[in-house]
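The values are calculated or read from the model by the stated rules, or taken from the named source; none is laboratory data. These numbers come from a predicted model, not from an experiment. Cβ placement follows ideal geometry from the backbone for every residue including glycine, while neighbour counts extend to all protein chains displayed. Keep in mind that these areas ignore ligands, DNA and RNA; they rest on the heavy atoms of the full protein, side chains included. Shrake-Rupley method; radii C 1.70, N 1.55, O 1.52, S 1.80 Å.
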Amino acid sequence: MTRFNTQLVHGLPVNDNNTGAVNPPIYNSSTYAFESVETMPRWDYARSGNPTREFLEQQIAQLEHGTRGFAFGSGLAAIHAVLSIFQPGDRIVVGKNIYGGTYSLLNEYFAHWGVLVEAVDTADYEALDEAVSGRSSEGASHARPAKAVYYEVLTNPLLQVNNVTRISEVAHRYGALSIVDNTFVTPYLQQPLDLGADIVIHSATKYLAGHSEVNAGLVVVKNDELGQKIYFAQNRLGGVLAPVECDAVRRGIQTLALRMERQQENARAVANYLLLHPLVKAVHYPGLPGHEYELESNGLKGAGGVLSFEVVPGMNPADVLNNLNIFHLAVSLGAVESLAELPCRMTHFELPREERLKVGITDELVRLAVGIEDKQDLIEDLGQAFDIAYERYLQRHEGEDLFAAVAQHVYA
Ligand SMILES: *Cc1c(COP(=O)(O)O)cnc(C)c1O
């Protein structure tokens, strides 16, 4: 058996290559000819399966140590297919800070069709146990255990760490599935199926494809029974990934390890810089020095390339963001180029302000998705933007007693 980095580059061998091409072929065909009416060909219609998609699906199954993989037209299409294996009346316990699109999909669609959704802090194992068992549900005396726990290993945008082993233990205690969105982590930093998860989901749009050029989703399952259910959902709901885009994801996966190493190195450097900057109040990144135990004890080989920080009270974070030259002001993450965004106005604007503040997403919080550029350029870019933001701050308070202005924010 080959090792991880070799698997990234080569996947499983393709046996239909008569040309010597070193890349697997892209089959742009929606239909495949039968040899005769009596024979059933391996491929008949591309939604049901095609060789280009199968290459990617087998590769992600190999990388995540699962039995079977599935490729979808977006992360949300993948999540839709996974959630559709549940029935009306089934209860799903979800992490409190899951991706907003997933939360909306559950509450705006699946809830209408009778799937019950309960949000908990998945790092509070007592609360999680209560929620999964049904003891904390309405009408608790006859509530049945949940059918699944759905969570993300690193939460967005505060980068809290969820422990797959412990959450899966609680889920399995009550016969529930442990379903992990591993988008922020990737199999390079953790393989959740090895730690007890049953289903792993990726928005491959992010790190796996890695170049901000494709929307894609991947699912990997632990066993054949789940594999059959997800295959049925994939083929019936039909949100499959097109062959050319399967190849774009495959090409991205080849460099995952190299990109992630550089992204982490850059993210660490940027986080350390921010930690010491006088205009920064807090930095959220589990890869900060001194957090090694937190990563290790949660089964993580690294912290990834996303981090967030809060500017000091009174500073306008938009004055920093609007003046960046190398970081693009954009949502999404995991690609070669660095991106910066303001969660309260961009990724998390749909969340009512009170709800946002409750989960720690303040108006001053900035999220960075660090790319593979030179770290010194990224740091200098932030530095000059902070300088401009500080000038603006002084202008806004011209003629005022600055200490009083700051004190007003600090003690308000
Ligand atoms: C982006 C994202 C998704 C949704 O993926 P799309 O490809 O945009 O549909 C789901 N989960 C997480 C954690 C994400 O970051």
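Measure nothing fancy, just the Cα-based angle from helix 224-237's long axis to the longest principal axis of the chain, in degrees from 0 to 90, nearest 10. It works out to around 80 degrees.
Across the chain, the convex hull enclosing all Cα atoms gives 160 Å³ per residue. What you get for the chain, charging only the Cβ of Lys and Arg (+1) and of Asp and Glu (-1), is a dipole of about 860 debye around the Cα centre.
Given a cut-off of under 8 Å on Cα pairs at least six residues apart, what relative contact order in percent is computed for the range 4-254?
25 percent
In the chain, helical runs assigned H by DSSP with n ≥ 4 each contribute -39500 (n - 2.57); averaged across all residues and rounded to the nearest 500, the mean residue ellipticity at 222 nm is -11000 deg cm²/dmol. A Förster radius of 22 Å, combined with the Cβ-Cβ distance separating residue 213 from residue 331, puts the computed FRET efficiency at roughly 0.90. The share of Cα pairs per 5 Å bin across the range 257-411, counted from zero up to the longest distance, runs 2, 9, 17, 21, 20, 15, 10, 4, 2, 1, 0 percent. Heavy atoms of the protein chains alone define the surface here; on that basis the chain has 46 Å² accessible area per residue at 1.4 Å probe size. Modelled this way, with points 7 Å down the Cα-to-C-beta line, the labels at residue 10 and residue 143 are 5.1 nm from one another.
Sorted on the mean count of surrounding Cβ atoms within 10 Å across their residues, most packed first, peptides 169-175, 83-89 read 169-175, 83-89. Full extension of the chain segment joining residue 22 with residue 173 gains 49.7 nm, where the gain is 0.36 nm per residue of separation less the Cα-Cα distance.
Sort 25-32, 361-368 for me by packing, meaning the mean count of neighbouring Cβ atoms within 10 Å per residue, highest on top.
361-368, 25-32
With 27 Å as the limit on Cα-Cα distance, the pairs of 281/358; 301/358; 229/301; 96/375; 96/222 that go past it are 301/358; 229/301; 96/375. Note on the chain: with neighbouring protein chains present and a 1.4 Å probe, carbon and sulfur make up 52 percent of its accessible heavy-atom surface.
About its Cα centre, the dipole of the range 257-411 is roughly 360 debye, where the only charges are +1 on Lys and Arg Cβ and -1 on Asp and Glu Cβ. Volume of the convex hull of the range 280-352 (Cα atoms only), normalised per residue: 132 Å³.
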